[in-house]
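Okay, structure first, notes after.
The values are calculated or read from the model by the stated rules, or taken from the named source; none is laboratory data. This one's a predicted model, so the numbers in the text were calculated from it and none came from an experiment. As a convention, Cβ positions derive from the backbone with ideal geometry for all residues, glycine included, and neighbour counts pool all protein chains shown. Ligands, DNA and RNA are excluded from the accessible area calculation, which covers all protein heavy atoms including side chains. Shrake-Rupley method; radii C 1.70, N 1.55, O 1.52, S 1.80 Å.
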Amino acid sequence: MNIKSLLLGSAAALAAVSGAQAADAIVAAEPEPMEYVRVCDAFGTGYFYIPGTETCLKIGGYIRVDVNGGDVLGQNTFKFEEVTDPDTGITTLERTADGGGDSWSTRSRFNLRVSSASDTEYGALKTYAEINFDRDDNNGGGTSLAHGYIEFAGLLIGYTDSLFAGGYIGGGYAMNDYILVNYGDTARTQIRYTYGDTSNGFSFTAAVEDNTDANELNADEYIPNLVGGLGYSAGGFQAFLVGGYDSVVEEGAIKGRINATFGAFSAFVMAGWNTDGDQVNDYAQWNGDWAVWLGAQYQATEKLAIYADLNFMDGVSGDNAGDAEASVGIAYSVVPGFTIQPEVSWVNNYDDLHEGSNDWGGKIRFQRSF
(Lines give C-alpha, C1' and ligand atoms only; values in the text may rest on other atoms or scores of the structure.)
Protein backbone atom coordinates (compact mmCIF):
# COMPACT_ATOMS: atom_id res chain seq x y z
CA MET A 1 0.00 0.00 0.00
CA ASN A 2 2.86 2.36 0.69
CA ILE A 3 4.34 1.80 -2.76
CA LYS A 4 0.94 2.35 -4.39
CA SER A 5 0.41 5.53 -2.42
CA LEU A 6 3.86 6.75 -3.42
CA LEU A 7 3.18 6.14 -7.13
CA LEU A 8 -0.18 7.85 -7.01
CA GLY A 9 1.34 10.85 -5.21
CA SER A 10 4.14 11.12 -7.75
CA ALA A 11 1.67 11.00 -10.66
CA ALA A 12 -0.41 13.74 -9.07
CA ALA A 13 2.67 15.92 -8.55
CA LEU A 14 3.77 15.48 -12.19
CA ALA A 15 0.30 16.38 -13.42
CA ALA A 16 0.33 19.54 -11.32
CA VAL A 17 3.74 20.63 -12.63
CA SER A 18 2.69 19.89 -16.22
CA GLY A 19 -0.46 21.99 -15.78
CA ALA A 20 1.52 24.85 -14.31
CA GLN A 21 3.94 24.85 -17.25
CA ALA A 22 1.06 24.83 -19.70
CA ALA A 23 -0.45 27.87 -17.98
CA ASP A 24 2.88 29.71 -18.02
CA ALA A 25 3.18 29.23 -21.80
CA ILE A 26 0.36 31.78 -22.44
CA VAL A 27 2.13 35.13 -22.05
CA ALA A 28 0.69 38.52 -23.15
CA ALA A 29 2.81 40.39 -25.74
CA GLU A 30 4.73 43.35 -24.35
CA PRO A 31 3.96 46.77 -25.92
CA GLU A 32 6.45 48.15 -28.42
CA PRO A 33 8.78 50.74 -26.90
CA MET A 34 7.64 54.31 -27.70
CA GLU A 35 10.00 56.34 -29.91
CA TYR A 36 10.10 59.91 -28.66
CA VAL A 37 10.99 62.87 -30.91
CA ARG A 38 14.61 63.77 -30.29
CA VAL A 39 15.89 67.34 -30.23
CA CYS A 40 18.51 68.11 -32.90
CA ASP A 41 20.84 70.89 -31.79
CA ALA A 42 23.48 70.46 -34.51
CA PHE A 43 21.89 73.08 -36.81
CA GLY A 44 20.44 75.57 -34.33
CA THR A 45 17.37 75.84 -32.15
CA GLY A 46 13.98 74.46 -33.13
CA TYR A 47 15.21 71.40 -35.05
CA PHE A 48 14.15 67.83 -34.22
CA TYR A 49 15.00 64.48 -35.75
CA ILE A 50 12.42 62.98 -38.09
CA PRO A 51 11.63 59.66 -36.34
CA GLY A 52 13.58 56.78 -37.80
CA THR A 53 16.03 59.01 -39.68
CA GLU A 54 19.09 61.17 -39.08
CA THR A 55 17.48 64.15 -40.85
CA CYS A 56 16.61 67.20 -38.77
CA LEU A 57 13.45 69.22 -39.39
CA LYS A 58 12.31 72.68 -38.30
CA ILE A 59 8.83 74.16 -38.75
CA GLY A 60 7.92 77.81 -38.18
CA GLY A 61 6.13 80.80 -39.63
CA TYR A 62 3.71 83.55 -38.64
CA ILE A 63 0.19 84.92 -38.87
CA ARG A 64 0.17 88.55 -40.01
CA VAL A 65 -2.51 91.19 -40.49
CA ASP A 66 -1.64 94.44 -42.34
CA VAL A 67 -3.82 97.55 -42.61
CA ASN A 68 -2.70 100.18 -45.16
CA GLY A 69 -4.14 103.65 -45.55
CA GLY A 70 -3.58 107.01 -47.24
CA ASP A 71 -2.73 107.96 -50.80
CA VAL A 72 0.75 106.42 -50.92
CA LEU A 73 -0.13 103.02 -49.43
CA GLY A 74 -3.90 102.74 -49.77
CA GLN A 75 -5.89 101.75 -52.82
CA ASN A 76 -7.75 103.91 -55.31
CA THR A 77 -11.00 105.32 -54.02
CA PHE A 78 -14.07 104.90 -56.19
CA LYS A 79 -17.23 106.78 -56.97
CA PHE A 80 -20.49 105.61 -58.51
CA GLU A 81 -22.27 107.53 -61.26
CA GLU A 82 -25.60 106.96 -62.94
CA VAL A 83 -25.12 106.32 -66.66
CA THR A 84 -28.07 106.11 -69.07
CA ASP A 85 -27.74 104.14 -72.30
CA PRO A 86 -29.04 106.44 -75.10
CA ASP A 87 -30.30 103.49 -77.16
CA THR A 88 -32.15 101.53 -74.49
CA GLY A 89 -32.82 104.25 -71.94
CA ILE A 90 -31.64 101.91 -69.18
CA THR A 91 -29.81 103.61 -66.30
CA THR A 92 -27.04 101.75 -64.47
CA LEU A 93 -24.42 102.57 -61.85
CA GLU A 94 -20.81 102.63 -63.02
CA ARG A 95 -17.85 102.58 -60.67
CA THR A 96 -14.86 104.74 -61.63
CA ALA A 97 -11.55 105.44 -59.92
CA ASP A 98 -11.44 108.75 -58.12
CA GLY A 99 -7.96 109.90 -57.16
CA GLY A 100 -4.78 108.30 -55.95
CA GLY A 101 -5.63 105.92 -53.19
CA ASP A 102 -7.13 107.99 -50.35
CA SER A 103 -8.59 104.84 -48.89
CA TRP A 104 -7.47 101.77 -46.97
CA SER A 105 -6.80 98.12 -47.67
CA THR A 106 -6.09 94.97 -45.67
CA ARG A 107 -4.07 91.80 -46.07
CA SER A 108 -4.09 88.69 -43.89
CA ARG A 109 -1.25 86.21 -44.36
CA PHE A 110 -0.33 82.76 -43.08
CA ASN A 111 3.37 82.11 -43.62
CA LEU A 112 4.76 78.57 -43.35
CA ARG A 113 8.51 77.84 -43.18
CA VAL A 114 10.05 74.37 -43.32
CA SER A 115 13.80 73.67 -43.02
CA SER A 116 15.63 70.35 -43.16
CA ALA A 117 19.29 69.49 -42.55
CA SER A 118 21.48 66.41 -42.30
CA ASP A 119 25.22 65.74 -42.10
CA THR A 120 27.01 64.03 -44.99
CA GLU A 121 30.62 63.22 -45.77
CA TYR A 122 30.69 66.38 -47.95
CA GLY A 123 29.10 68.69 -45.40
CA ALA A 124 25.54 69.64 -44.48
CA LEU A 125 22.69 68.96 -46.90
CA LYS A 126 19.92 71.51 -46.31
CA THR A 127 16.59 72.55 -47.79
CA TYR A 128 14.37 75.55 -47.13
CA ALA A 129 10.81 76.30 -48.21
CA GLU A 130 8.58 79.27 -47.41
CA ILE A 131 4.97 79.57 -48.55
CA ASN A 132 2.61 82.55 -48.21
CA PHE A 133 -1.16 82.18 -48.08
CA ASP A 134 -2.71 85.64 -48.55
CA ARG A 135 -6.17 87.14 -48.41
CA ASP A 136 -6.49 90.72 -49.70
CA ASP A 137 -9.45 92.92 -48.78
CA ASN A 138 -11.65 89.88 -48.00
CA ASN A 139 -11.83 89.04 -51.69
CA GLY A 140 -8.75 88.31 -53.72
CA GLY A 141 -5.86 86.28 -52.46
CA GLY A 142 -3.53 83.53 -53.41
CA THR A 143 -0.74 81.15 -52.52
CA SER A 144 2.86 81.77 -53.51
CA LEU A 145 6.20 80.10 -53.00
CA ALA A 146 8.45 82.77 -51.51
CA HIS A 147 11.50 80.49 -51.28
CA GLY A 148 12.26 76.90 -52.19
CA TYR A 149 15.86 75.72 -52.53
CA ILE A 150 18.53 73.11 -51.76
CA GLU A 151 21.94 73.91 -50.22
CA PHE A 152 24.90 71.54 -50.48
CA ALA A 153 28.69 71.94 -50.53
CA GLY A 154 28.53 75.70 -51.18
CA LEU A 155 25.82 75.40 -53.84
CA LEU A 156 22.33 76.86 -53.66
CA ILE A 157 19.86 75.51 -56.25
CA GLY A 158 16.27 76.71 -56.44
CA TYR A 159 14.01 79.73 -56.09
CA THR A 160 14.86 82.60 -53.72
CA ASP A 161 15.85 86.28 -53.65
CA SER A 162 18.22 87.31 -56.40
CA LEU A 163 21.85 87.45 -55.34
CA PHE A 164 21.63 91.15 -56.29
CA ALA A 165 18.93 91.87 -53.68
CA GLY A 166 18.98 89.24 -50.92
CA GLY A 167 20.71 88.85 -47.58
CA TYR A 168 23.11 91.60 -46.50
CA ILE A 169 22.71 93.38 -49.87
CA GLY A 170 18.90 93.55 -49.55
CA GLY A 171 16.42 96.07 -48.23
CA GLY A 172 16.04 98.29 -45.21
CA TYR A 173 14.47 98.18 -41.76
CA ALA A 174 11.00 99.40 -42.71
CA MET A 175 8.09 97.25 -43.82
CA ASN A 176 7.91 99.54 -46.85
CA ASP A 177 11.67 99.68 -47.40
CA TYR A 178 10.96 101.16 -50.82
CA ILE A 179 7.89 102.50 -52.64
CA LEU A 180 9.25 103.82 -55.96
CA VAL A 181 13.04 103.61 -55.46
CA ASN A 182 13.31 99.85 -56.05
CA TYR A 183 16.66 98.32 -55.03
CA GLY A 184 16.24 95.35 -57.41
CA ASP A 185 13.80 93.43 -55.26
CA THR A 186 13.30 90.26 -57.33
CA ALA A 187 13.36 86.51 -56.75
CA ARG A 188 14.73 84.08 -59.31
CA THR A 189 15.28 80.38 -59.85
CA GLN A 190 19.06 80.14 -59.80
CA ILE A 191 22.23 78.13 -59.32
CA ARG A 192 24.55 79.91 -56.90
CA TYR A 193 27.96 79.08 -55.50
CA THR A 194 29.46 80.71 -52.40
CA TYR A 195 33.07 80.43 -51.33
CA GLY A 196 33.86 81.50 -47.78
CA ASP A 197 31.66 82.47 -44.84
CA THR A 198 29.34 85.41 -45.54
CA SER A 199 28.93 86.00 -41.78
CA ASN A 200 32.63 86.10 -40.93
CA GLY A 201 35.63 87.01 -43.10
CA PHE A 202 35.88 87.25 -46.88
CA SER A 203 33.44 85.57 -49.26
CA PHE A 204 32.82 85.30 -52.99
CA THR A 205 29.47 84.46 -54.58
CA ALA A 206 28.43 83.91 -58.20
CA ALA A 207 25.09 82.89 -59.71
CA VAL A 208 23.29 82.19 -62.97
CA GLU A 209 19.65 83.28 -62.69
CA ASP A 210 16.60 82.43 -64.78
CA ASN A 211 15.33 85.60 -66.46
CA THR A 212 12.08 84.26 -67.90
CA ASP A 213 8.76 85.72 -66.75
CA ALA A 214 5.38 86.71 -68.13
CA ASN A 215 7.04 89.38 -70.28
CA GLU A 216 7.02 88.18 -73.90
CA LEU A 217 10.44 89.79 -74.37
CA ASN A 218 11.92 87.17 -72.03
CA ALA A 219 9.79 84.21 -73.08
CA ASP A 220 12.25 82.64 -75.56
CA GLU A 221 15.52 83.79 -74.02
CA TYR A 222 17.94 80.90 -73.44
CA ILE A 223 20.87 82.89 -72.00
CA PRO A 224 20.55 83.35 -68.20
CA ASN A 225 21.37 86.45 -66.21
CA LEU A 226 24.75 86.59 -64.47
CA VAL A 227 25.44 87.92 -60.97
CA GLY A 228 28.60 88.04 -58.87
CA GLY A 229 29.54 89.51 -55.52
CA LEU A 230 32.29 90.03 -52.94
CA GLY A 231 31.80 90.41 -49.21
CA TYR A 232 33.61 90.97 -45.95
CA SER A 233 32.15 90.54 -42.46
CA ALA A 234 33.73 91.05 -39.05
CA GLY A 235 31.69 91.42 -35.88
CA GLY A 236 29.20 94.24 -36.33
CA PHE A 237 30.59 95.36 -39.70
CA GLN A 238 29.74 94.04 -43.19
CA ALA A 239 30.65 95.35 -46.65
CA PHE A 240 29.35 93.94 -49.92
CA LEU A 241 29.71 94.69 -53.62
CA VAL A 242 27.55 92.96 -56.23
CA GLY A 243 27.01 93.28 -59.97
CA GLY A 244 24.29 91.87 -62.22
CA TYR A 245 23.95 91.52 -66.01
CA ASP A 246 20.54 91.33 -67.69
CA SER A 247 21.07 89.20 -70.81
CA VAL A 248 17.80 90.33 -72.44
CA VAL A 249 18.27 94.09 -72.12
CA GLU A 250 22.07 93.59 -72.37
CA GLU A 251 22.59 96.06 -69.54
CA GLY A 252 23.16 95.70 -65.83
CA ALA A 253 23.87 97.36 -62.51
CA ILE A 254 26.40 97.55 -59.69
CA LYS A 255 25.43 97.95 -56.05
CA GLY A 256 27.45 98.33 -52.85
CA ARG A 257 26.40 98.28 -49.21
CA ILE A 258 27.96 98.82 -45.77
CA ASN A 259 26.25 97.66 -42.55
CA ALA A 260 27.41 98.62 -39.07
CA THR A 261 26.18 97.89 -35.54
CA PHE A 262 27.22 99.84 -32.43
CA GLY A 263 25.53 98.40 -29.37
CA ALA A 264 21.81 99.19 -29.61
CA PHE A 265 22.29 101.29 -32.78
CA SER A 266 22.59 99.86 -36.30
CA ALA A 267 22.70 101.54 -39.72
CA PHE A 268 23.42 100.93 -43.39
CA VAL A 269 24.19 102.86 -46.56
CA MET A 270 23.67 101.37 -50.01
CA ALA A 271 24.17 102.82 -53.50
CA GLY A 272 23.47 101.50 -56.99
CA TRP A 273 24.50 102.48 -60.52
CA ASN A 274 22.66 101.61 -63.75
CA THR A 275 24.79 101.00 -66.87
CA ASP A 276 22.03 102.69 -68.90
CA GLY A 277 20.00 105.18 -66.91
CA ASP A 278 17.46 105.59 -69.71
CA GLN A 279 15.89 102.19 -69.03
CA VAL A 280 15.43 99.80 -66.15
CA ASN A 281 16.62 96.19 -66.20
CA ASP A 282 16.33 93.15 -63.95
CA TYR A 283 18.86 94.63 -61.52
CA ALA A 284 18.60 98.42 -61.95
CA GLN A 285 14.89 98.76 -61.22
CA TRP A 286 15.12 102.40 -60.18
CA ASN A 287 14.78 105.35 -62.54
CA GLY A 288 17.92 107.16 -63.71
CA ASP A 289 21.62 106.40 -63.46
CA TRP A 290 21.96 106.03 -59.69
CA ALA A 291 20.07 105.51 -56.45
CA VAL A 292 20.93 105.67 -52.73
CA TRP A 293 19.30 103.91 -49.77
CA LEU A 294 19.94 104.85 -46.12
CA GLY A 295 18.59 103.29 -42.94
CA ALA A 296 19.04 103.28 -39.17
CA GLN A 297 17.51 101.49 -36.21
CA TYR A 298 17.74 102.01 -32.44
CA GLN A 299 16.81 99.25 -30.01
CA ALA A 300 15.46 101.55 -27.29
CA THR A 301 14.41 98.74 -24.94
CA GLU A 302 14.21 94.99 -25.04
CA LYS A 303 10.71 95.37 -26.49
CA LEU A 304 10.87 98.61 -28.51
CA ALA A 305 12.80 99.35 -31.72
CA ILE A 306 12.67 102.68 -33.60
CA TYR A 307 13.72 102.81 -37.25
CA ALA A 308 13.81 104.97 -40.40
CA ASP A 309 14.66 104.47 -44.09
CA LEU A 310 15.41 107.21 -46.63
CA ASN A 311 15.81 106.60 -50.38
CA PHE A 312 16.83 108.76 -53.38
CA MET A 313 17.23 108.33 -57.13
CA ASP A 314 18.32 110.78 -59.81
CA GLY A 315 15.43 109.89 -62.10
CA VAL A 316 11.72 110.24 -61.40
CA SER A 317 8.85 107.80 -61.54
CA GLY A 318 5.75 108.23 -63.65
CA ASP A 319 4.81 111.81 -64.47
CA ASN A 320 7.77 113.45 -62.66
CA ALA A 321 6.72 111.90 -59.34
CA GLY A 322 8.90 110.46 -56.63
CA ASP A 323 12.68 110.79 -56.57
CA ALA A 324 12.84 110.82 -52.74
CA GLU A 325 10.94 108.81 -50.15
CA ALA A 326 11.07 107.91 -46.47
CA SER A 327 9.48 105.51 -43.98
CA VAL A 328 9.55 105.85 -40.19
CA GLY A 329 8.13 103.43 -37.66
CA ILE A 330 8.41 101.47 -34.45
CA ALA A 331 8.25 97.75 -33.69
CA TYR A 332 6.91 96.86 -30.24
CA SER A 333 7.06 93.31 -28.90
CA VAL A 334 4.01 93.01 -26.66
CA VAL A 335 5.03 89.54 -25.54
CA PRO A 336 7.58 87.14 -27.08
CA GLY A 337 6.30 86.19 -30.52
CA PHE A 338 3.68 88.97 -30.84
CA THR A 339 4.67 92.31 -32.41
CA ILE A 340 2.71 95.47 -33.28
CA GLN A 341 4.36 97.71 -35.88
CA PRO A 342 2.93 101.11 -36.98
CA GLU A 343 4.71 102.99 -39.79
CA VAL A 344 4.35 106.21 -41.81
CA SER A 345 5.66 106.66 -45.38
CA TRP A 346 6.22 109.72 -47.56
CA VAL A 347 7.00 110.20 -51.27
CA ASN A 348 7.81 113.62 -52.66
CA ASN A 349 5.57 114.86 -55.50
CA TYR A 350 3.37 111.78 -55.27
CA ASP A 351 0.41 113.92 -56.32
CA ASP A 352 1.94 114.08 -59.81
CA LEU A 353 0.99 110.41 -60.19
CA HIS A 354 -2.61 110.98 -59.12
CA GLU A 355 -4.07 114.45 -59.28
CA GLY A 356 -5.33 115.64 -55.92
CA SER A 357 -3.60 112.94 -53.88
CA ASN A 358 -1.34 113.54 -50.89
CA ASP A 359 2.27 112.46 -50.41
CA TRP A 360 1.62 110.42 -47.24
CA GLY A 361 0.47 106.97 -46.25
CA GLY A 362 0.42 104.76 -43.19
CA LYS A 363 0.52 101.11 -42.23
CA ILE A 364 0.07 99.03 -39.09
CA ARG A 365 1.02 95.37 -38.75
CA PHE A 366 0.04 92.75 -36.18
CA GLN A 367 2.20 89.64 -36.31
CA ARG A 368 2.34 86.44 -34.28
CA SER A 369 5.48 84.45 -35.07
CA PHE A 370 6.10 80.86 -34.08
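If we count every other residue with Cβ under 15 angstrom of Gly337's Cβ, Lys/Arg +1 and Asp/Glu -1, where does the sum land? Once all neighbours under 15 Å are counted, the net charge is +4. Normalised size of the range 222-278, defined as Cα radius of gyration per 2.2 N^0.38 Å with N residues, equals 1.44. Heavy-atom accessible area for Thr186, with the other protein chains in place and a 1.4 Å probe, reaches approximately 30 Å².
Solvent-accessible area of Ile131, all protein chains in place: 50 Å² (probe radius 1.4 Å, heavy atoms, ligands and nucleic acids excluded).
Note that the range 235-284 presents 44 Å² accessible area per residue, ligands and nucleic acids not counted, probe 1.4 Å.
Going 7 Å from the Cα of Phe265 toward and past its Cβ, which residues in the range 292-312 have a backbone nitrogen under 20 Å from where you end up? Within reach of a label on Phe265, which here means backbone N under 20 Å from a point 7 Å along Cα→Cβ, the range 292-312 contributes 293-311.
Each Lys or Arg adds one and each Asp or Glu subtracts one; over the other residues with Cβ under 15 Å from the Cβ of Ala267, this totals -1. Charge tally around Arg365: other residues with Cβ under 13 Å, Lys/Arg +1 each, Asp/Glu -1 each, net +3.
Computed from the C-beta positions of Asn200 and Gln279, the FRET efficiency with R₀ = 41 Å rounds to 0.60. Between the beta carbons of Leu241 and Asp185, assuming R0 = 22 Å, the FRET efficiency works out to 0.75 to the nearest 0.05.
Note that the range 299-370 shows a convex hull volume over its alpha carbon atoms of 104 Å³ per residue. Once the chain from Leu230 to Asp213 is taken as fully extended at 0.36 nm per residue, the excess over their C-alpha distance is 3.4 nm. Cα convex hull, the range 188-306: 129 Å³ per residue, rounded to a whole number. Within the range 327-370, whose backbone N sits under 16 Å from a point 7 Å along Cα→Cβ of Asp319? Zone members listed by number: 349-359.
Treat each spin label as a single point 7 Å out from the Cα along the C-beta direction, and report the Phe110 to Gln299 distance in nm. Going from the Phe110 label point to the Gln299 one covers 3.2 nm.
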